[in-house]
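**Student:** Pasting in a structure now, in structure tokens, and then I'll have a few things to ask.
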Amino acid sequence: MQTPASLDQLIEALRCLPGVGPKSATRMAYHLLQRDRKGANTLASALDTALQVVSHCQLCNTFSEQPICPMCASGARDSSTLCVVEMPTDMMMMEQTHAFQGMYFVLMGRLSPLDGIGPKEIHLEKLLKRAQDGLVKEVILATNYTVEGEATAHYVSELLSKHGVKITRIARGMPMGGEIEHVDAGTLAQAMMERRGL
């Protein structure tokens, strides 16, 4: 049986989502068309709106609808400490701990040469500029304790050590191989409080 070209296109489009293979994409497409057309319209509209209005904060690189996100625009944050995380979800987890009141920089990934992700793809030039703004005294590396996260922390540490900024790494209160968005807030708070110099 030949499926309509537009349905094939929808299935292929759904495969761009992480963890979605051909079978899952097919099930999703059939579900949206057969059982939840209203939900499909809502999804399409929300995706279209997000693509039009969401970009990156000019300072911390997280997703934002404004050129400067509300957190970076807040005068209540400590601008002398800059916490470097891999993804916006990691920043959200850090905020849930209430253990850090400084600023953030979101890499939007981690170094992974095998996947074609190098320093340019994780915005290291933008991070270097932010770390040298005259306000930042300490950069806290809060990348995940995975092979790629460790490599990223090491690379960033080497890059920033030449510029007179204190560099620390969150403590290993996190499990080895763990990812920040999956760790409980107490463990993450302990890791932040026991960070060490590199």
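**Student:** Check segment 109-120 and report whether any residue there is closer than 18 Å to ALA191 by Cβ, touching a residue at least 12 places away in the same chain (Cβ under 8 Å), of a type outside the set (Val, Ile, Thr) and assigned by TED's automatic domain parsing to the domain that holds SER79.
**Tutor:** yes
**Student:** Looking for something outside any helix (DSSP H, G or I), within 29 Å of HIS182 (Cα to Cα) and either in contact with a helix residue (DSSP H, G or I) (Cβ under 7 Å, 6 or more places away or on another chain) or not assigned by TED's automatic domain parsing to the domain that holds TYR155 (or both) - is there at least one such residue anywhere in segment 20-39?
**Tutor:** Yes, segment 20-39 has at least one match.
**Student:** Any chance segment 75-90 includes a residue that's over 24 Å from THR146 (Cα atoms), surrounded by 12 or more Cβ atoms within 10 Å (Cβ to Cβ) and not assigned by TED's automatic domain parsing to the domain that holds ALA153?
**Tutor:** There is no residue in segment 75-90 that is over 24 Å from THR146 (Cα atoms), surrounded by 12 or more Cβ atoms within 10 Å (Cβ to Cβ) and not assigned by TED's automatic domain parsing to the domain that holds ALA153.
**Student:** On the phi < 0 side of the Ramachandran plot and surrounded by fewer than 17 Cβ atoms within 10 Å (Cβ to Cβ): which single residue out of LEU127, LEU141, LEU114 fits that description?
**Tutor:** Criteria check complete, one pass: LEU114.
**Student:** While we're looking at this one, here's another question. Sort through GLN2, GLN66 and tell me the only one that's touching a helix residue (DSSP H, G or I) at 6+ places or on another chain (Cβ under 8 Å) and not in a helix (DSSP H, G or I).
**Tutor:** Result: GLN66 is the single residue among GLN2, GLN66 that is touching a helix residue (DSSP H, G or I) at 6+ places or on another chain (Cβ under 8 Å) and not in a helix (DSSP H, G or I).
**Student:** Now, a different point. Looking at segment 67-122 only, could you name the residues that are closer than 18 Å to CYS57 by Cα and of a type in the set (Lys, Arg)?
**Tutor:** ARG77, LYS120
The values are calculated or read from the model by the stated rules, or taken from the named source; none is laboratory data. Please read all numbers here as calculations on a predicted model, not as lab measurements. We place every Cβ from the backbone using ideal geometry, glycine too, and count neighbours over all the protein chains shown.
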